[in-house]
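Report on the following structure.
The values are calculated or read from the model by the stated rules, or taken from the named source; none is laboratory data. Small disclaimer: the values here were computed from a predicted structure and weren't measured. All Cβ positions, glycine included, derive from the backbone under ideal geometry; neighbour counts span all protein chains shown.
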C-alpha cells in the first residue's frame, strides 16, 4: 500500500463529482458566493448536521431531503445563513432547491441546500435563481478550489485537501473541502464540509464512518465556544473504484480507506482552527487521565477558557489559568496533587505545584511559538483525549464587532 497526501496543492478530482462556483452578490459584490456540487447517480452519501436546537432553514430542508433520497446536488451559499427566518426561510430554501432540480432534471428531494453567513436576514432568492443556470453550466471535475473559495465568510483562505491510497491494482482517492473560521465549537463546530471518495461504500457504512470521523475531528475543535445554527457535513462515495466487492469492515481494503478518510477529516478540522478568526497560534490540548470522557472534559475546559486563550495570545505562561480550568472540569474525585502539566516538552507543574527548577523565560519562549501543545497528566493516566483550539486576540473582537457593518 502506498499513500500520497495533498495539502495546499491542487485537490485531486474524484470521478463522479463535479463542482462549480458563481457570484450572486448576496453580501459582497464581485466575489463568488455560490457553490454547486453534482454527484453521479451511483454515488451514495451520508450527512450529519448541527446539534443547535435553533437550526437554520437549509438544515431543516437538507435533513428532510437526505432522509427521502440519495443526494444528487449540493448547493452552498455564503453571506446569508438563512437562519432565524422562520417558515419563510424554509420556503426560500425549497424555492432554490426546486429550481436546481428543474435545471438538472432531478427531484427536489435530491438537492440539499447549505447556507452560511449573517443570521436573521431573508435569503434573497431573486439574487440567486438568475445565477443558477450559469452555475450548472460551469460544473467541472476540477472545480474544488473555486467551490471552496465561494463558501468562505470570515475565512482568510480556502480549505481543501486530498489523499490517494494505492492498494494492489486499485487507487482510492479522498478529497474534501470545508469552510469555518469563527462560531466554532462542538458539537459539529460551525462549518460546512463536503468530503468525497471514489470507493464503493454503502450509505449505511458511510454513516458509520462519518459519525466516527466527525467525533474525532470536527467535534474536537473550538475557536470561541459558540455552536452554529448551520453546521453540516456530507460524506459521499461515488463507487468509481472497486474490485467488484463493496467495502465493509471485513474487506481487506477497509482499514486503509477509512484511515485515509479520517486523515482528511482531521486535516480539515485543524485547518479551521489555524484559520480561526484573529488566531495567531494553533494549540493542541492533550489530556491523559483515567477515562476518555474525563480527559475530554478537562481538555475542553482548558480549550474553552477565555483566560487561557488570552494568555496564549500574550505568550504569557500563566499556568494558574490552566490549573484553574482543569479544576472546574466536571470530573469527579479529581485532586490537585494528581495534576502534572507540560508546555510542549517543558514540564511546568508536578503534583499541582511548579517544578523545582521552573524557569519563566523557558515557559515564555514556548508560549511565543505559533504551534503549542498543552499536555496534562492526571494521576497515572491511561486514556488520552485531544482538543484543537487557538488563542483569543484583539482581532477576533474586531472581526465580530464589525461583522454586520
Please enumerate the residues belonging to region 326-353 that are assigned to a strand (DSSP E or B), more than 29 Å from the chain's Cα centre (by Cα) and surrounded by 15 or more Cβ atoms within 10 Å (Cβ to Cβ).
-> 339, 340, 346, 347, 348, 349, 350
Collect the residues in region 272-308 that are at pLDDT 95 or above, over 23 Å from residue 335 (Cα atoms) and out of contact with any helix residue (DSSP H, G or I) (no Cβ under 7 Å at 6 or more places or on another chain), keeping them in residue-number order.
-> 284
Reported set for region 112-135 where residues are farther than 19 Å from residue 45 by Cβ and at pLDDT 95 or above is 128, 129, 130, 131, 132, 133, 134, 135
Could you grab me the full set of residues in region 373-394 that are surrounded by 14 or more Cβ atoms within 10 Å (Cβ to Cβ) and more than 20 Å from residue 289 (Cβ to Cβ)?
-> 390, 391, 392, 393
Any idea how many residues of region 112-135 are more than 24 Å from residue 56 (Cβ to Cβ) and in contact (Cβ under 8 Å) with a residue 60 or more places away in the chain?
-> 1
Test residue 37 against the criterion of being closer than 19 Å to residue 159 by Cβ, in the same structural domain as residue 115 (by TED's automatic domain parsing), touching a strand residue (DSSP E or B) at 6+ places or on another chain (Cβ under 7 Å) and at pLDDT 95 or above, and give yes or no.
-> yes
Subset tally (residues that are at pLDDT 95 or above and in a helix (DSSP H, G or I)) for region 214-250 = 0
Can you pull out the residues in region 314-336 that are touching a strand residue (DSSP E or B) at 6+ places or on another chain (Cβ under 9 Å) and more than 17 Å from residue 287 (Cβ to Cβ)?
-> 317
Scanning for something part of a strand (DSSP E or B), in contact (Cβ under 8 Å) with a residue 12 or more places away in the chain, in the same structural domain as residue 292 (by TED's automatic domain parsing) and in contact with a strand residue (DSSP E or B) (Cβ under 8 Å, 6 or more places away or on another chain), does region 355-369 turn up at least one residue?
-> no
Quick one: in region 2-34, of everything that is surrounded by fewer than 17 Cβ atoms within 10 Å (Cβ to Cβ) and at positive phi, which residue is modelled with the lowest pLDDT?
-> 30
Hits in region 141-180 (condition: closer than 27 Å to residue 26 by Cβ and loosely packed, with under 15 Cβ neighbours inside 10 Å) = 141, 142, 156, 157
Determine which member of the set 292, 266, 259 is surrounded by fewer than 23 Cβ atoms within 10 Å (Cβ to Cβ) and assigned by TED's automatic domain parsing to the domain that holds residue 310.
-> 292
Identify, by number, the condition in (1) surrounded by fewer than 20 Cβ atoms within 10 Å (Cβ to Cβ); (2) touching a strand residue (DSSP E or B) at 6+ places or on another chain (Cβ under 7 Å) that residue 86 doesn't meet.
-> (2)
